[in-house]
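See below for the structure under consideration.
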Ligand code: PRX
């Protein structure tokens with residue numbers, strides 16, 4: 001690909017290099033968008049036909065109990081069949097499914113054949129522990145191949161996985177175990193991060209102590225340090241995998257399309273995390289179609305989604321989407337800047353990565369170290385870049401485009417959520433880009449920016465981002481709490497039947513969408529989603545804190561950081577030592593990502609007369625902005 005052929009900028013527009021468009025194996029955006037608009041169900045049926053089904057659907061979509069939509073009603077399938085079983089029978093058995101690199105530099109590769117056998121083994125181990133169809137299994141691990149295997153093994157036998165990100169701590173893990181009522185938990189002794197061991201098993205011991213519903217813990221040996229193993233409860237995976245029961249052949253469970261595949265907890269407006277539920281049928285169709293079109297996945301590609309499998313990005317685009325497409329994906333255990341800030345760039349060169357999909361916070365973090373680190377590596381294998389998790393600021397966009405993509409690779413800025421299962425607003429590689437805009441909705445998805453009455457906002461006016469049409473990988477419910485599902489997402493625009501995203505956004509004259517951010521009590525720190533209530537309840541669980549309020553304050557690298565305002569309990573003198581102690585407490589209770597970068601003690605918090613904390617006022621004060629209308633402020 002020659003650089004001269006790139007015709008980059010007209011005003012603020014960026015166009016992909018002509019050869020990228022020419023060689024892209026994707027449909028024409030306008031044509032498929034029209035096709036979907038003409039007949040949404042026929043459109044999705046056509047995509048579903050690319051996959052294997054044990055029994056075909058009777059009905060593509062059933063909206064008779066909306067918002068409890070159903071997709072591919074009457075069909076039988078299993079996502080693990082489409083991700084693995086079917087590839088193990090074709091030439092793809094020899095293709096690499098997964099390339100893995102550990103932070104210390106150890107490496108492993110898995111062909112589709114090998115991965116399939118390992119997953120079968122894992123599935124048999126789970127069965128021998130009494131895990132059956134419908135059982136919930138909590139998985140709490142670092143980024144190692146066994147995490148991917150554990151997820152697929154659950155899917156294969158019809159168990160429902162609930163992956164908890166390895167950066168969460170005791171209470172967060174305990175709450176998620178409790179909510180899912182998981183009797184089996186899969187973990188590792190530890191995980192490598194920045195040269196240190198994250199003591200996963202210690203956290204598990206404490207979480208299981210707090211949430212004793214867990215009967216068995218399967219422990220993968222990763223870091224090798226001494227860990228506590230409780231007899232009758234804890235088992236080494238390698239011991240179980242050596243038993244005759246762990247055969248590499250395992251029957252795949254026949255699932256209804258609407259049977260649950262996984263629960264993934266995410267933050268909302270209350271302290272209790274929401275268990276977002278996704279199912280086998282619609283999710284497999286949507287994740288594979290979106291990945292195939294947006295990132296133009298080809299057989300010779302080496303796809304690197306640098307997220308954590310413990311978040312939705314990893315579920316959809318490290319594990320399920322790429323494997324369904326028979327792609328080769330990369331998984332890396334550690335930090336992007338360990339031991340040096342060139343770690344990622346070196347891996348791109350070493351493995352010949354063709355597509356890199358990451359988050360703005362990672363881009364900004366690496367940008368800080370300057371151009372010399374990436375420039376010392378051959379990044380010419382790259383064809384496409386991607387961004388997800390929060391709005392990407394134009395400065396980071398341009399650096400990513402210029403220094404990493406050599407002004408040749410277009411950036412797919414994908415807007416979506418845990419709840420949506422897959423990309424919702426996103427370019428395809430053929431589309432003109434504007435830095436900072438996720439462009440337009442994926443074909444078949446209808447979105448708008450509306451005011452509180454549901455009137456469409458004119459270009460340039462901020463409003464609520466809503467989704468107007470159902471899509472196959474939409475969340476089916478909040479696990480165990482259907483009322484909350486209805487209230488949270490489907491009540492604000494009940495009459496119109498629209499899904500409320502919780503984001504505010506703006507359209508421009510070209511119909512391009514610009515995401516502004518959350519307009520609820522959710523904070524994005526380094527792209528991670530946290531609820532103010534989760535952090536606040538962590539704060540008040542410290543004996544010195546009577547009341548607490550947290551807000552998001554803009555930060556150059558992390559997007560946002562947390563500021564916390566605490567009212568001390570009588571008898572506690574606010575000082576630096578106490579602040580450190582409270583930070584430590586949050587690290588322990590919620591996780592390192594939730595630690596406020598600033599804790600301030602105060603005598604009062606601004607509240608409305610009905611007692612609601614006015615975070616808006618705190619935020620204005622913290623950022624030196626005008627405080628706005630204070631008429632509802634309590635005296
Ligand atoms: O605010 C939006 C932001 O991330 C939220 C969803 O977070 P989560 O469920 O953790 O999923 C993140 C990964 C899909 C959204 O409500 N967000 C996600 N992608 C973008 C984004 N904001 C702007 N631009 C994006 N590309």
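Looking only at the range 496-519, count every residue that is out of contact with any strand residue (DSSP E or B) (no Cβ under 6 Å at 6 or more places or on another chain) and either more than 11 Å from the ligand (Cβ to nearest atom) or in a helix (DSSP H, G or I) (or both) and tell me the total. Of the residues in that region, 6 qualify.
Among the conditions (1) within 12 Å of the ligand (Cβ to nearest atom); (2) at pLDDT 90 or above, residue 544 misses just one, which is (1).
Which condition from (1) surrounded by fewer than 19 Cβ atoms within 10 Å (Cβ to Cβ); (2) modelled with pLDDT of 95 or more; (3) out of contact with any helix residue (DSSP H, G or I) (no Cβ under 7 Å at 6 or more places or on another chain) is the one that residue 312 breaks? All conditions are met except number (1). For beta carbons closer than 8 Å, sequence separation of 6+ or different chains, a first residue in the range 612-623 that is more than 18 Å from residue 547 (Cα to Cα) and a second that is surrounded by fewer than 15 Cβ atoms within 10 Å (Cβ to Cβ), the qualifying pairs are 620/626; 620/627; 620/628; 621/627; 623/554.
One residue alone among 139, 79 is under 30 Å from residue 535 (Cα atoms), crowded, with 18+ Cβ neighbours inside 10 Å and at pLDDT 95 or above, and that residue is 139. In the condition set (1) assigned to a loop (DSSP other than H, G, I, E, B); (2) in contact with a helix residue (DSSP H, G or I) (Cβ under 7 Å, 6 or more places away or on another chain), residue 122 is compliant with all but (1).
Identify, please: which residue in the range 342-389 is within 26 Å of residue 22 (Cβ to Cβ), in a helix (DSSP H, G or I) and touching a strand residue (DSSP E or B) at 6+ places or on another chain (Cβ under 8 Å) and is, among those, nearest to the ligand (Cβ to nearest atom)? Only one residue fits best here, namely 348. Residue-level check: of (1) buried (at least 23 other Cβ atoms within 10 Å of the Cβ); (2) in contact (Cβ under 8 Å) with a residue 60 or more places away in the chain, residue 167 misses just (1). How many residues, within the range 567-598, are more than 28 Å from the chain's Cα centre (by Cα) and in a strand (DSSP E or B)? Selection size over the range 567-598: 2.
Only one of the numbered conditions (1) in a loop (DSSP other than H, G, I, E, B); (2) under 17 Å from residue 259 (Cα atoms) is violated by residue 72, and that is (1).
Here is a yes/no grid of residues against (1) closer than 26 Å to residue 379 by Cβ; (2) in contact (Cβ under 8 Å) with a residue 40 or more places away in the chain:
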{"site": "260", "(1), (2)": "no, yes"}
{"site": "274", "(1), (2)": "no, yes"}
{"site": "282", "(1), (2)": "no, yes"}
{"site": "292", "(1), (2)": "yes, yes"}
{"site": "300", "(1), (2)": "yes, yes"}
{"site": "313", "(1), (2)": "yes, yes"}
{"site": "325", "(1), (2)": "yes, no"}
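The set of residues in the range 520-541 being away from the ligand (no atom under 16 Å from the Cβ) and crowded, with 20+ Cβ neighbours inside 10 Å consists of 536, 538, 539.
Residues of the range 402-426 that are near the ligand (Cβ under 8 Å from one of its atoms), in contact with a helix residue (DSSP H, G or I) (Cβ under 9 Å, 6 or more places away or on another chain) and not in a loop (DSSP other than H, G, I, E, B): 413, 414. Search the range 478-495 for residues being within 16 Å of the ligand (Cβ to nearest atom) and not in a helix (DSSP H, G or I), and hand back the single one that is nearest to residue 389 (Cα to Cα). Applying the filter and picking the extreme gives 478. Looking across the range 427-459, the residues that are within 30 Å of residue 265 (Cβ to Cβ), in a strand (DSSP E or B) and more than 13 Å from the ligand (Cβ to nearest atom) come down to 448, 449, 450.
If I filter the range 27-61 down to residues being touching a strand residue (DSSP E or B) at 6+ places or on another chain (Cβ under 8 Å) and in a loop (DSSP other than H, G, I, E, B), which single residue comes out as surrounded by the fewest Cβ atoms within 10 Å (Cβ to Cβ)? So the residue we want is 58. Would you be able to tell me the number of residues in the range 617-635 that are out of contact with any helix residue (DSSP H, G or I) (no Cβ under 8 Å at 6 or more places or on another chain) and modelled with pLDDT under 85? Qualifying residue count, the range 617-635: 5. Got at least one residue in the range 478-499 being buried (at least 21 other Cβ atoms within 10 Å of the Cβ), in contact (Cβ under 8 Å) with a residue 24 or more places away in the chain, under 19 Å from the mean Cα position of the chain (by Cα) and closer than 24 Å to residue 394 by Cα? No: the range 478-499 contains no residue that is buried (at least 21 other Cβ atoms within 10 Å of the Cβ), in contact (Cβ under 8 Å) with a residue 24 or more places away in the chain, under 19 Å from the mean Cα position of the chain (by Cα) and closer than 24 Å to residue 394 by Cα.
The values are calculated or read from the model by the stated rules, or taken from the named source; none is laboratory data. What you see is a predicted model, and the numbers here were worked out from it, not measured in a lab. Positions of Cβ are generated from backbone atoms using ideal geometry, with glycine treated the same way; all protein chains shown enter the neighbour counts.
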